[in-house]
1. Is there any pair with a first residue in segment 185-210 that is of a type in the set (Val, Ile, Thr) and a second that is at pLDDT 95 or above and in a strand (DSSP E or B) whose Cβ atoms are under 8 Å apart and which are 6 or more apart or on different chains, and what are they?
2. Please indicate, with yes or no, whether at least one residue in segment 55-70 is on the phi > 0 side of the Ramachandran plot and not hydroxyl-bearing (Ser, Thr, Tyr).
3. Out of all the residues in segment 338-369, which are without any contact (Cβ under 8 Å) to a residue 24 or more places away in the chain, more than 24 Å from Asn297 (Cβ to Cβ) and in a loop (DSSP other than H, G, I, E, B)?
4. Can you tell me which of Asp213, Asp181 is crowded, with 20+ Cβ neighbours inside 10 Å, in contact with an Asp or Glu (Cβ under 8 Å, 6 or more places away or on another chain) and in contact (Cβ under 8 Å) with a residue 12 or more places away in the chain?
5. Sort out which residues of segment 353-369 are touching a Ser or Thr at 6+ places or on another chain (Cβ under 8 Å) and either under 18 Å from Glu323 (Cα atoms) or surrounded by 14 or more Cβ atoms within 10 Å (Cβ to Cβ) (or both), and write them in order of number.
6. Residues that are touching a Gly at 6+ places or on another chain (Cβ under 6 Å) and within 23 Å of Asp157 (Cα to Cα): which strands (runs of 3 or more DSSP E) entirely in segment 1-80 hold 1 or more of them?
7. Within segment 47-62, track down each residue that is surrounded by 16 or more Cβ atoms within 10 Å (Cβ to Cβ) and touching a Ser or Thr at 6+ places or on another chain (Cβ under 8 Å).
8. Within segment 280-332, can you find the residues that are of a type in the set (Ser, Thr, Tyr) and more than 22 Å from Leu405 (Cβ to Cβ)?
Amino acid sequence: MQAPNIAVIGLGYVGLPLAVELSKHFTTVGFDIDAERVLELRRGHDATMELSAEEMAAAGEIHYTDQLQGMAQCNVYIVTVPTPIDGHKNPDLRPLEMASATVAQVLGVGDIVIYESTVYPGATEEVCVPVLERDSGLRFNHDFFAGYSPERINPGDKVNRLPNITKITSGSTPEIAERVDAIYRSIIQAGTFKASSIKVAEAAKVIENTQRDVNIALVNELALIFNALDIDTEEVLQAAGSKWNFLPFRPGLVGGHCIGIDPYYLAHKAKAAGYIPDIIIASRRINDGMGGYVADNLVKEMLRQGLNIARGNILIMGFTFKENCPDVRNSRVYDVVQSLQDFHLNVDVYDPWVNPAEVEAEYGITPISELVPGRYSAVVLAVAHEQFAAMGGDAIRGLCVDGGLVYDLKYVLPQEQADLRL
């Protein structure tokens, strides 16, 4: 049996940390179709900020490339490309299919293709494997094999890193499952969990984020109820949290590449099987509606306070999908911006973590680079970046006109320093 010579396809938030860890034990190729990303990594810089310059320098034998032939000598291929949804909120498997077609061009007899991208149960064998067979001319489980080991990367988290998060593994045959597991055991200090099949591993991954989505939807709905009853939601959650088994979820905007996307994959497969997943669909509807609710609630309070909404300026603080992270994928802060603009309010977005060019290209928004005191009718604290917490309530209040409002969506400030909270 040949020693693993590994290629990681897709060098984003998931693929890069994986490739660097693997390179400490195996000859590794990092492949990405973005030539600029490859050049950046060759210089030892990671724009996603998942890895520091020191961590990049600590990599082992690794070669970054955007050329297909750069991974032609590999015998294990790990696919870590995004799995988004389309405009109708159906799974968009085109990146996965394209990556599979790319791998097929260099696939050899005895090779293994492992997928880490989040999918619905069955996608690896029903969607990806047929592409590999078609474009390589090889037979599945005879000439080549497959595995699935779902990613568990948490962007921006400097505590729960790849080596100390238990890794689910699986393979298309018992022998391949053991070989896949052995590869990951070499880099995962927390250990692995070998699933009985690829479908079980796929299902385990997609329900992780579906469960979180449902729990957050419940707390979001509770926040809507408590706001209607003029009860502070955070006070209620703190009181309820005094019981040992109360789950510490908080209301908010649910975006990102996982929680706001993955439930649609499971719902899609459930519908195809003839089952309507009511709780999953209802949770997605609640969470997707929170941006509009925030905007409506703010405008109503502005009217109650006699603030002029016809020419009002609103500041949104934070645009990434979570705190202390530059990731703007599927940011639901965008929903708040759009809804406020529908009221013909002037909206500024400020976020020290984002790449402004990326935000402009993806969302058509040009973030401001400096904060102007006394300019805004309302300030919305949308993301709990450490810089915003460090500013404090007085400095944030100072950005408002006299009588302006501070709307704290993330409990960044003490209760008495915010006019509105979720």
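1. The qualifying pairs are Ile188/Lys167; Thr192/Lys167; Thr192/Ile168; Thr192/Thr169; Ile198/Ala146; Ile198/Gly147; Ile198/Tyr148; Ile198/Gly171.
2. Checked against the condition, which is being on the phi > 0 side of the Ramachandran plot and not hydroxyl-bearing (Ser, Thr, Tyr), segment 55-70 yields no hits at all.
3. Gly364, Thr366, Ser369 - these are the residues of segment 338-369 that are without any contact (Cβ under 8 Å) to a residue 24 or more places away in the chain, more than 24 Å from Asn297 (Cβ to Cβ) and in a loop (DSSP other than H, G, I, E, B).
4. Asp213
5. Trp353, Val354, Pro356, Val359, Tyr363
6. Correct list: 5-9.
7. Ala59, Ile62
8. Those that are of a type in the set (Ser, Thr, Tyr) and more than 22 Å from Leu405 (Cβ to Cβ): Ser283, Thr320, Ser331.
The values are calculated or read from the model by the stated rules, or taken from the named source; none is laboratory data. Treat the numbers as computed from the prediction; the structure is a model and nothing was measured. Neighbour counts run over all protein chains shown; Cβ positions are idealised from the backbone, glycine included. In case anyone asks, the SASA skips ligands and DNA or RNA and just uses the protein heavy atoms, side chains included. Shrake-Rupley method; radii C 1.70, N 1.55, O 1.52, S 1.80 Å.
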